[in-house]
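What follows is a single structure, written as C-alpha cells, with notes after it.
The values are calculated or read from the model by the stated rules, or taken from the named source; none is laboratory data. The shown structure was predicted, so the numbers you read here are calculated from the model rather than taken from an experiment. For neighbour counting, all protein chains shown are included, and Cβ atoms are generated from backbone atoms with ideal geometry for every residue, glycine included.
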Amino acid sequence: MLLKVLTSSLEQYQSLVKNILNYFDDRSTNALTESFNAKIKAFRAQLRGVKL
C-alpha cells in the first residue's frame, strides 16, 4: 500500500516538474486555453434560462 502511494506521488511529481520546467525552457503556458474556457463558461452562464 505504501509503495503504491509513493509510486503514484513520484509519478505526479515528475509530471509537474516537467511542466514547470517546460515554462522556463520555451515560456509556454496553458493561459490561452484557460482564457478560452473562461469565455465559454461566461457565455453558458449568460444563456441560462434562455429558450433557444
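Things to note:
- Restricting attention to the range 15-33, the residues that are modelled with pLDDT of 90 or more and surrounded by 10 or more Cβ atoms within 10 Å (Cβ to Cβ) add up to 1.
- If the condition is being part of a helix (DSSP H, G or I) and among the basic types (K, R), then the range 13-27 contributes only K18.
- K4 vs. criteria basic (K, R), over 21 Å from the mean Cα position of the chain (by Cα) and part of a helix (DSSP H, G or I): yes
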